[in-house]
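Worksheet for the structure shown next.
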Amino acid sequence: MCGIVGAVAERNVTPILLEGLRRLEYRGYDSAGIAVLDEGDCISRVRRVGKVKELSDALEENAIRGSMGVAHTRWATHGEPSEQNAHPHVCNESVVIVHNGIIENHSELREQQSSAGFNFTSQTDTEVAVHQIEHYLKSQGDLLMAVRSAVADFEGAYALGVMSNTDRGRLIATRRGSPLVIGVGIGEYFIASDAAALLPVTRRFIYLDEGDIADIRTDALIIYNDAGEVVEREIKESELSADSTAKGEYRHYMLKEIHEQPSCLLDILEGRVVDGQLLDSTFGVGAEKILDRVKAVQIIACGTSYHAGLVARYWLEAIAGVPCRVEVASEYRYRKTVLADDTLVVTISQSGETADTLAALRAIKETTDMTLSVCNVPESSLVRESELKLMTRAGPEIGVASTKAFTTQLVALLMLVVALGKRRELSADKIKDLFYQAQALPALIDQVLNDKQAIDQWAEDFTDLHNAIFIGRGTLYPIALEGALKLKEISYIHADAYPAGELKHGPIALIDHDLPTIAIASIDGFEGKIKSNIQEILARGGSVYLFADERMDVSDLGEHCKVMKIPAVEAELAPVLFSVPLQLFSYFVAVRKGTDVDQPRNLAKSVTVE
């Protein structure tokens, strides 16, 4: 969600903060702002609704300088997008704050503060946080103590960057429930919601634990844990470079990330499969003992990650013979659940900071240690709080619509299927065959990418449409769900997905010449079934766009069914390959409609609040 950047240095930090905001644009936002402390200890603040470019243009007209500052991209939760609601927030021209998260008891605090004489200039929950800190600063006289006292009053999630003109050269950072990282420079420190924001200035990072409070100065850094004890947090060297988050030759990040999938799928397998067999160490220290106990699997995830979990359910039961349930995290965390003995709980998240998934994991950890996270960010909260972890190695994904993170999640989950299956009746030969198929995927994806202009031509038919449906069977049903989600996310076309066999149970009533159907079909022994479903649609005047395995006979479908042949792939791995043309399809439709492909309206890359 919101993006935080902060810096304390011996140089002007304004350009550093602004570049950090640009690198956090992918998180989703509706306004941006910056505040710095100038040489006269005055707080200079500029805020704008819209893109970071609007803020940058404003700073060219009203240049501000300072050696300490904070900046923010806001995704509205409380209060509409407006300059008054944009961060940073300031109290009594003294305390400045940026905040990611939600202060859930803001209404009670607002009443108390209004009675105490505080004036409110916004509708945000964040403003109560800056008032509370200023209140304690007046009585205690120390910024660190004031922040510590204030956060004890907060209910909800937060990552905070706080500075005051009463304490030059001092930046306080703290987190609970929302991510925050400290960048370590030479005689300077930085904070950000994501390390990617700071790559131009450092590759050395400290990841704060839940409840940590950092007291940051140019020449010193002290971190206190939740109990107020001084602690050491390891400095990690990032393998990423500033260029790794650049678009390069591509028009959009999403297109770049679609094209990165062949190399990502090679990376995820490297060093984990030896002579066609999977190493248990892939899942971390102590994995063997936990995997030996597993009798069932519970998958918890949101959005695209949930769709990956649905594919894994088919695989786990069909290939490994392991019972599996899959549930949306926002539902799982709020209902009374029954977890069978020896159930492995698998949480899936691209960022590892998804609020609902994290909350579900934390609740589950009270009853079991059999937890595994499938994630793309090694230092994320989800990874650190799970007993076992499986990194997807997709690299930074900037486009809001997930592409390479999804396909690498699928291959990661296939590894879990193999790890559990070999403990039952999955033969070594079958395992070798599965990994042979997986290793062949990059070349097959390259073939799809080389034919992307044909997909672009299909997209032209959808430029003026407002609705579509997707259908698939078996493991391709979750891929149909994912295809519909992609189209919704970036082209704003309303799209639903159904198991093909469910058409006659209601959705077929929607079929007419204005509602196209996107169908996907592999060679799984049941392709005749989906062909029958397609014939039913065509008989009612509907149009069909079919992505089909090149071996499939489509001669009987007629001219109203447009067909695009996909390279031959075995049914088990079809979900990975068929995801790619659907990604390209949604991308080209969005481009033709002129939407903001990488930063679609109302969406955030990492959903760190409920």
Please list Lys404, Lys53 from largest to smallest accessible area, probe radius 1.4 Å, with all protein chains kept in place. Lys53, Lys404
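Only helical DSSP H runs with n ≥ 4 go in: add -39500 (n - 2.57) per run for the chain, normalise by residue count and round the 222 nm mean residue ellipticity to 500 deg cm²/dmol.
Estimated from H runs of four or more residues: -10500 deg cm²/dmol.
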Please work out the C-alpha center-to-center distance from segment 3-60 to segment 93-107 and express it in whole Å. 17 Å
Sorted by chain and then number, the residues having a modelled amide H within less than 5 Å of the amide H of Lys247, at least 5 places away or on another chain, are none
A correct Karplus calculation of ³J(HN,Hα) over segment 461-468, with 6.51 cos²θ - 1.76 cosθ + 1.60, θ = phi - 60°, whole Hz and x for Gly and Pro, returns 5, 9, 4, 10, 8, 10, 9, 7
Mind scanning Lys247/Lys562; Lys295/Lys531; Lys404/Lys452; Lys53/Lys486; Lys289/Lys404 and naming the pairs with a C-alpha gap bigger than 28 Å? Lys247/Lys562; Lys295/Lys531; Lys289/Lys404
Could you tell me what percent of the DSSP beta bridges with both partners in segment 205-361 are antiparallel, to the nearest 5? 50 percent
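First measure r as the distance between the Cβ atoms of Glu237 and Asn119, then evaluate 1/(1 + (r/R0)^6) with R0 = 41 Å and state the FRET efficiency to the nearest 0.05. All intermediate terms of the calculation are to be shown ahead of the outcome.
Working: r = 46 Å, r/R0 = 1.12.
For Glu237 and Asn119, the calculated efficiency is 0.35.
Given a 1.4 Å probe and every protein chain left where it sits, what share in percent of the accessible area of the chain is carbon and sulfur? If you can, show how the numbers build up before the last one.
Details: 10870 of 23460 Å².
Here it works out to 46 percent.
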Could you tell me which GluC sites (Glu not before Pro) in segment 242-333 are loop residues by DSSP with no more than 16 other beta carbons within 10 angstrom of their beta carbon? Glu249, Glu270
So Lys565 and Gln140, fully extended at 0.36 nm per residue minus their Cα-Cα distance, gain in nm 146.0 nm
Placing +1 on the Cβ of each Lys and Arg and -1 on the Cβ of each Asp and Glu in the chain, which of Gly183, Leu414, Leu358 has its Cα farthest towards the positive end of the resulting dipole? Leu414
Over the Cα atoms, compute the radius of gyration (one decimal) and Dmax (the largest Cα-Cα distance, rounded to a whole number) for the chain, in Å. 25.4, 81
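Estimate the FRET efficiency between Lys336 and Asp496 by the formula 1/(1 + (r/R0)^6), using the beta-carbon distance for r and 30 Å for R0, to the nearest 0.05. Before the final figure, lay out each step's value.
On the way: r = 30 Å, r/R0 = 0.99.
Computed FRET efficiency for Lys336 and Asp496 comes out at 0.50.
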Compute the separation of the alpha-carbon centres of segment 330-346 and segment 177-239 and state it in Å as a whole number. 33 Å
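Just to be sure I understand: of the beta bridges DSSP finds with both ends in the chain, what percent are antiparallel, rounded to 5? Provide the component values of the computation, followed by the final result.
Working: 64 of 105 bridges.
Close to 60 percent.
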Calculated FRET value between Lys53 and Glu93, using beta carbons and R₀ = 22 Å, to 0.05: 0.20
What chymotrypsin sites (Phe, Trp or Tyr not before Pro) in segment 164-242 are in a loop by DSSP, with at most 10 other Cβ atoms within 10 Å of the Cβ? none
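How would you classify segment 224-340 from its alpha-carbon gyration tensor, with a ≥ b ≥ c the square roots of the eigenvalues: rounded for a/c under 1.5, else prolate if a/b is greater than b/c, otherwise oblate?
Working: a/c = 1.45, a/b = 1.17, b/c = 1.23.
Since a/c stays below 1.5, the shape of segment 224-340 is classed as rounded.
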Starting at the first residue of segment 266-272, write each ³J(HN,Hα) from the Karplus equation 6.51 cos²θ - 1.76 cosθ + 1.60 with θ = phi - 60°, in whole Hz, x for Gly and Pro. 6, 5, 5, 8, 4, x, 10
Everything considered on the Cα gyration tensor (a ≥ b ≥ c; rounded for a/c under 1.5, else prolate if a/b is larger than b/c, else oblate), segment 377-534 must be described as prolate
Cα-based shape type of segment 1-153, given that a ≥ b ≥ c are square roots of the gyration tensor eigenvalues and the cut on a/c is 1.5: oblate
So what is the accessible area of segment 483-610 per residue, in Å², with the probe set to 1.4 Å? 38 Å²
Length gain on complete extension for the stretch Ala443 to Ala246, per 0.36 nm per residue less the alpha carbon to alpha carbon distance? 68.5 nm
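On alpha-carbon atoms, Rg over Rh for segment 503-566 using Kirkwood Rh?
On the way: Rg = 11.2 Å, Rh = 11.9 Å.
Here the Rg-to-Rh quotient is 0.94.
The values are calculated or read from the model by the stated rules, or taken from the named source; none is laboratory data. As the structure is a computational prediction, the values presented were derived from the model and not from experiment. Methodologically, a virtual Cβ is constructed for each residue, glycine included, from the backbone with ideal geometry; neighbour enumeration extends over all protein chains shown. For accessibility, only protein heavy atoms count, side chains too; no ligands or nucleic acids. Shrake-Rupley method; radii C 1.70, N 1.55, O 1.52, S 1.80 Å.
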